[in-house]
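Quick notes on the structure that follows.
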Amino acid sequence: MPARSILMSSLKAKELSKIGYTDDRARSLVINIFSKHFKYHTKEEAITLLNDIKNNPATYRNDEVLGKIAATFLHEVTVKPFRAHDLMEASGDVKVYGAKEIEAGARRQMETAMTLPVSVQGALMPDAHTGYGLPIGGVLATHNAVIPYAVGVDIGCRMALSILDAGESFLKRYSFQIKMALKEFTHFGLEGGLNMTQEHEVLDHPTFQATDLLRKLQSKAERQLGTSGTGNHFVEFGLITLNEDNALGIHAGEYLALLSHSGSRGLGASVAQYYTRIAMDTCKLPREAQQLAWLDLDTAAGQEYWLSMQLAGDYAKACHDRIHANLLKAIGLQALATIENHHNFAWEDTLADGRKAIIHRKGATPAHAGELGIIPGSMTTPAYLVTGKGVPASLYSASHGAGRAMSRKRAKESVTMSALKKMLADANVTLIGGSVEENPLAYKDIERVIDAQQELVNIEGRFVPRIVRMYKE
């Protein structure tokens, strides 16, 4: 087994300072780059390499991976002054999928995003609707810049689907036990946590020691591990029908499945708010574009946000890991397969023309060729297991759900609880918690949304919810 990496060892920011990495930006770069490219270096090997970079930075000046670290010792890092930026004419192509399903406000927001000097290419998914900064369902490629509000407040919000070694007969026979497990082993809300201690290796991740903000958030992350937020987050059991020759290699047929939708909790929200303020203070834009302020990835703040975003994504995954592990243990079943995907995140990627870019997917599912993803509907409508087709015009993306057709305020005003109960009964769905704000009519028709992106994804299976747990006001 290979030796553990520098980031999985006891080396901390203080130790980096001792070997001459006293600059915040340099330390952030080291943690970021070594966690990605030097996972299997021992601590001794890593320190030797870092010392050589510090002592002979010119040797590494043109190194594709280590050049940025070397630049901090060559004094070639440009300190970018606070400055105002002018918007441009639309600087890249925007491909719109399911245009008939998308409100004018979301399209205007996407058009504004494309006038940023750092924007390269954009796409709108058929579930798109108005959000803060970038519309939800918007995908934006930028050059060497990350936009906190184009990632979203709930960094790393994601889907996770476990296909189980049981079927409908188990669901019918043990529905009471499943309901009790959902009540006991899930928690929804802005505060609080589970009654039992949760453990996961992410809590020991050294990135928690990389910045003052992350150090302060570590204890909250520990309390909230394995829990979910408010709004459209859910944990539900249902039945999935897998197609013939599906990408999972599992026999076609109907299986019991567990589906969850949740994000990075208070950790991600705090990171988003903190770095959005920095972006807005240092990147001055006209009023209509203020929420699209970006962080240059050659700055300390840009590197810190990128590092913090990665940690928030890992933490969101850890929450799903614990949710699924707790529930499957409670009902005595095992997963035949688990499929997961982020949809509030930014990735380094390569565009069709060979250019490197940062691709933001704010409420959009990664859909590279063969990549598995999950596109949910509502509490009474299907979710789809899909594989991407890798379409460059969509920036290798698909929708992240059905998308809202009503604001939460309008949904609350237009549907009564009794009407919601009838919808649930008609769909044979049991709801634990929940609210009229998330009623099925508040969402677009998932079948039309899926139909609008046939060129983006292949359907591998169809999940139908049966027992749903959500936040109750």
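The values are calculated or read from the model by the stated rules, or taken from the named source; none is laboratory data. Not measured: the values here are computed from a predicted model. Heads up, the Cβs are rebuilt from the backbone with ideal geometry, glycines too, and the neighbour counts pull from every protein chain shown.
Candidates in the stretch 93-115 are the residues that are touching a strand residue (DSSP E or B) at 6+ places or on another chain (Cβ under 7 Å) and in a loop (DSSP other than H, G, I, E, B); of these, the one that is nearest to residue 364 (Cα to Cα) is 97. Can you find even one residue in the stretch 98-107 that is hydrophobic (A, V, I, L, M, F, W, C), closer than 20 Å to residue 378 by Cα, touching a Lys or Arg at 6+ places or on another chain (Cβ under 9 Å) and not assigned by TED's automatic domain parsing to the domain that holds residue 227? No, the stretch 98-107 contains no residue that is hydrophobic (A, V, I, L, M, F, W, C), closer than 20 Å to residue 378 by Cα, touching a Lys or Arg at 6+ places or on another chain (Cβ under 9 Å) and not assigned by TED's automatic domain parsing to the domain that holds residue 227.
Going by what's in this entry, would residue 226 be described as surrounded by 13 or more Cβ atoms within 10 Å (Cβ to Cβ), within 19 Å of the chain's Cα centre (by Cα) and at pLDDT below 95? Working first, answer last.
Values: surrounded by 13 or more Cβ atoms within 10 Å (Cβ to Cβ): yes; within 19 Å of the chain's Cα centre (by Cα): yes; at pLDDT below 95: no.
No; evaluated as a whole, the condition is false for this residue.
In this structure, does residue 246 turn out to be in contact with a Ser or Thr (Cβ under 8 Å, 6 or more places away or on another chain) and at pLDDT 95 or above? So residue 246 does not fit the description; no.
Screening residue 322 against (1) more than 19 Å from the chain's Cα centre (by Cα); (2) farther than 28 Å from residue 445 by Cβ leaves a single unmet condition, (1). Within the stretch 362-399, the set of residues being surrounded by fewer than 22 Cβ atoms within 10 Å (Cβ to Cβ) and of a type in the set (Lys, Arg) comprises just one member, 389. A residue that is out of contact with any Lys or Arg (no Cβ under 6 Å at 6 or more places or on another chain), at pLDDT 95 or above and buried (at least 23 other Cβ atoms within 10 Å of the Cβ) cannot be found anywhere in the stretch 166-173. Taking the stated definitions as given, is residue 260 touching a residue at least 12 places away in the same chain (Cβ under 8 Å), in a strand (DSSP E or B) and not aliphatic (A, V, I, L, M)? Yes.
From 409, 362, 389, grab the single residue that is farther than 20 Å from residue 448 by Cβ and more than 17 Å from the chain's Cα centre (by Cα). Can you show your working first?
Values: 362 fails: more than 17 Å from the chain's Cα centre (by Cα); 389 fails: farther than 20 Å from residue 448 by Cβ.
Going through 409, 362, 389 in turn, just one is farther than 20 Å from residue 448 by Cβ and more than 17 Å from the chain's Cα centre (by Cα): 409.
What is the one condition in (1) under 30 Å from residue 110 (Cα atoms); (2) touching a Pro at 6+ places or on another chain (Cβ under 9 Å); (3) of a type outside the set (Lys, Arg); (4) part of a strand (DSSP E or B) that residue 374 does not satisfy? (2) is the only condition that residue 374 fails.
Could you tell me which of the residues 422, 409 is modelled with pLDDT under 95 and either surrounded by fewer than 15 Cβ atoms within 10 Å (Cβ to Cβ) or in a strand (DSSP E or B) (or both)? Spell out how you get there, then give the answer.
Working: 422 fails: modelled with pLDDT under 95.
When all the criteria are applied, what remains is 409.
Residue count for the stretch 14-34 under the criterion of being polar (S, T, N, Q) and within 24 Å of the chain's Cα centre (by Cα): the result is 2. Scanning the stretch 425-440 for residues that are without any contact (Cβ under 8 Å) to a residue 40 or more places away in the chain, crowded, with 17+ Cβ neighbours inside 10 Å and part of a helix (DSSP H, G or I) yields one hit, 436.
Kindly indicate whether any position in the stretch 300-315 is touching a residue at least 40 places away in the same chain (Cβ under 8 Å), touching a strand residue (DSSP E or B) at 6+ places or on another chain (Cβ under 8 Å), surrounded by fewer than 19 Cβ atoms within 10 Å (Cβ to Cβ) and in the same structural domain as residue 166 (by TED's automatic domain parsing). No, the stretch 300-315 contains no residue that is touching a residue at least 40 places away in the same chain (Cβ under 8 Å), touching a strand residue (DSSP E or B) at 6+ places or on another chain (Cβ under 8 Å), surrounded by fewer than 19 Cβ atoms within 10 Å (Cβ to Cβ) and in the same structural domain as residue 166 (by TED's automatic domain parsing).
Considering each residue of the stretch 66-82 in turn, none proves to be within 24 Å of the chain's Cα centre (by Cα), more than 25 Å from residue 403 (Cα to Cα), part of a loop (DSSP other than H, G, I, E, B) and at pLDDT below 85. For the stretch 117-134, the set of residues classified as more than 11 Å from residue 360 (Cα to Cα), assigned to a loop (DSSP other than H, G, I, E, B) and touching a strand residue (DSSP E or B) at 6+ places or on another chain (Cβ under 7 Å) consists of 118, 131, listed by residue number. Exactly one residue out of 288, 340 is assigned by TED's automatic domain parsing to the domain that holds residue 375, not in a helix (DSSP H, G or I) and not aliphatic (A, V, I, L, M), and it is 340. Give the stretch 196-229 a look and list any residue that's over 19 Å from residue 307 (Cβ atoms) and in contact with a Gly (Cβ under 7 Å, 6 or more places away or on another chain), or say none. Matches in the stretch 196-229: 198, 223, 224, 227, 229. Scanning the stretch 194-208 for residues that are buried (at least 16 other Cβ atoms within 10 Å of the Cβ) and either touching a His at 6+ places or on another chain (Cβ under 6 Å) or of a type in the set (S, T, N, Q) (or both) yields a count of 3. Please tell me if residue 402 is surrounded by fewer than 20 Cβ atoms within 10 Å (Cβ to Cβ) and not in a strand (DSSP E or B). Taking the combined requirement at face value, the residue does not satisfy it.
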